[in-house]
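Colleague: This is the structure, below, for whatever I ask next.
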Amino acid sequence: MTNTDPILVIGGTGTTGRRIARLLAERGRAVRVASRSAAHRFDWTDPATWDAALDGVRTAYVVPNDTEPHTPELVAAARDRGLERMVLLSARGSDDPGYYADRRNTDNGHLQGEQALSASGLEWTVLRPTWFAQNFTEGFFSPLVEAGDLRLPTGEGACPFVDADDIAEVAVAALTGDGHQGRTYELTGPRPLTLHEVARVFTAATGRTVVHTPVTPDAFIAEQTGAGVPADLAEVLADLMGPLARGREAHPSTGVEDALGRPPRSLEDTLSRRG
Ligand SMILES: NC(=O)c1ccc[n+]([C@@H]2O[C@H](COP(=O)([O-])OP(=O)(O)OC[C@H]3O[C@@H](n4cnc5c(N)ncnc54)[C@H](OP(=O)(O)O)[C@@H]3O)[C@@H](O)[C@H]2O)c1
């Protein structure tokens, strides 16, 4: 693997992908950002776009497609085209069949993707993060923060929200360094926070009052669709928050420290770096 080969970042316009692309570029590595809207057009639902993205690439970071998962097919296509190393984004709980216990009983296809990769003969690393802290600052939950009320179906559950910059640093270590191959890193922040505590951290950081109002999954879906979120997305989000509400997300994991040799960033740290 030479340092001049481009590193492919599928989903390189998203929350983790664009951070990884930026870190790689800062380290002088050639980067190929690929997605539907990127200069290198890659569409999970259109395999005709895959070959051009994979051409001449030996290392790739992959953000899978949750709505229509095709990771096993991509792993096979990439191996056939000479890929040597893949770092795959997955999610905490992917290996637990009862984890989501939701109306679709889905794991978003993460486990099938992980299994295809680990059986492929490629060098592999799997990242299983918990909920990203950035969901509150740039993702699905930021409108709730703006409105000052985290109306979420999370009950009194807690989660050690993980900073996407930590995920990106672990990914870059695995893409460019040794010692991470064949590893599955479960990535979390340092301590579990209830949504009430998240609201208090935002209040302290911004000076604007933010509260948490626990709502039922059905009320969440109704409120989100009322605000213009597509019903299927609102339902998926409600299902994905089930483990958090049931207390399954609360335990911190050691993945950031295992991979980087330093503790993970806190939510306070995440907010202090927003400027
Ligand atoms: N958010 C969380 O808290 C969290 C926690 C654990 C695990 N995860 C996992 O992380 C992954 C990413 O989720 P996210 O919400 O953070 O999304 P994201 O990475 O911010 O955005 C999705 C990325 O995928 C690209 N994309 C979407 N549809 C595509 C398609 N059909 N073909 C090619 N590229 C496509 C998007 O770019 P274009 O729109 O330009 O195509 C974008 O770059 C998911 O697999 C999710 O299960 C997320």
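The values are calculated or read from the model by the stated rules, or taken from the named source; none is laboratory data. Everything numeric in this text was worked out from a predicted model, so none of it was measured. Glycine gets a Cβ as well: all are built from the backbone with ideal geometry, and neighbour counts include every protein chain shown. Calculation scope for accessible area: heavy atoms of the full protein, side chains included, ligands and nucleic acids excluded. Shrake-Rupley method; radii C 1.70, N 1.55, O 1.52, S 1.80 Å.
Colleague: Go through the residues of segment 205-217 one by one and say whether even a single one is out of contact with any Ser or Thr (no Cβ under 8 Å at 6 or more places or on another chain), in a helix (DSSP H, G or I), polar (S, T, N, Q) and open to solvent by 30 Å² or more (accessible area, probe 1.4 Å).
Modeller: yes
This table checks each residue for (1) within 18 Å of PRO143 (Cα to Cα); (2) open to solvent by less than 60 Å² (accessible area, probe 1.4 Å); (3) in a strand (DSSP E or B).
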{"residue": "GLU186", "(1), (2), (3)": "no, yes, yes"}
{"residue": "ALA250", "(1), (2), (3)": "no, yes, no"}
{"residue": "PRO264", "(1), (2), (3)": "no, yes, no"}
{"residue": "ARG274", "(1), (2), (3)": "yes, no, no"}
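Colleague: With respect to the numbered conditions (1) within 16 Å of the ligand (Cβ to nearest atom); (2) surrounded by fewer than 16 Cβ atoms within 10 Å (Cβ to Cβ), which one is the sole condition not fulfilled by GLU197?
Modeller: The one condition GLU197 does not meet is (1).
Colleague: In addition: Residue check: is ALA78 crowded, with 22+ Cβ neighbours inside 10 Å, within 14 Å of the ligand (Cβ to nearest atom) and small (Gly, Ala, Ser)?
Modeller: Taking the combined requirement at face value, the residue does not satisfy it.
Colleague: Quick check on segment 8-22: of everything there that is of a type outside the set (Gly, Ala, Ser) and farther than 21 Å from ASP46 by Cα, which residue is nearest to the ligand (Cβ to nearest atom)?
Modeller: Filtering first and then ranking leaves THR15.
Colleague: One residue is enough: does segment 23-31 have a residue meeting the conditions within 8 Å of the ligand (Cβ to nearest atom) and open to solvent by less than 40 Å² (accessible area, probe 1.4 Å)?
Modeller: Looking for residues that are within 8 Å of the ligand (Cβ to nearest atom) and open to solvent by less than 40 Å² (accessible area, probe 1.4 Å), one finds none in segment 23-31, hence no.
Colleague: From the list GLY109, GLY98, GLY12, exactly one residue is modelled with pLDDT of 95 or more and either among the small types (Gly, Ala, Ser) or buried (at least 18 other Cβ atoms within 10 Å of the Cβ) (or both). Which is it?
Modeller: Answer to the check: GLY12.
Colleague: I'd like the full set of residues that are open to solvent by less than 70 Å² (accessible area, probe 1.4 Å) and away from the ligand (no atom under 11 Å from the Cβ), limited to segment 32-51.
Modeller: Within segment 32-51, just ARG32 meets the criteria.
Colleague: Filter segment 130-161 for residues that are surrounded by fewer than 21 Cβ atoms within 10 Å (Cβ to Cβ), part of a helix (DSSP H, G or I) and more than 8 Å from the ligand (Cβ to nearest atom) and give the result.
Modeller: SER142, PRO143, VAL145, GLU146, ALA147
Colleague: All but one of (1) open to solvent by less than 40 Å² (accessible area, probe 1.4 Å); (2) within 12 Å of the ligand (Cβ to nearest atom); (3) under 17 Å from the mean Cα position of the chain (by Cα) hold for MET86; state the number of the condition that does not hold.
Modeller: Single failed check for MET86: (2).
Colleague: Just one of (1) near the ligand (Cβ under 10 Å from one of its atoms); (2) in contact with an Asp or Glu (Cβ under 8 Å, 6 or more places away or on another chain) trips up GLY56, so point out which.
Modeller: Failing condition for GLY56: (1).
Colleague: Output yes when any residue across segment 16-34 is β-branched (Val, Ile, Thr), in a loop (DSSP other than H, G, I, E, B) and more than 12 Å from TYR61 (Cα to Cα), and no when none is.
Modeller: No.
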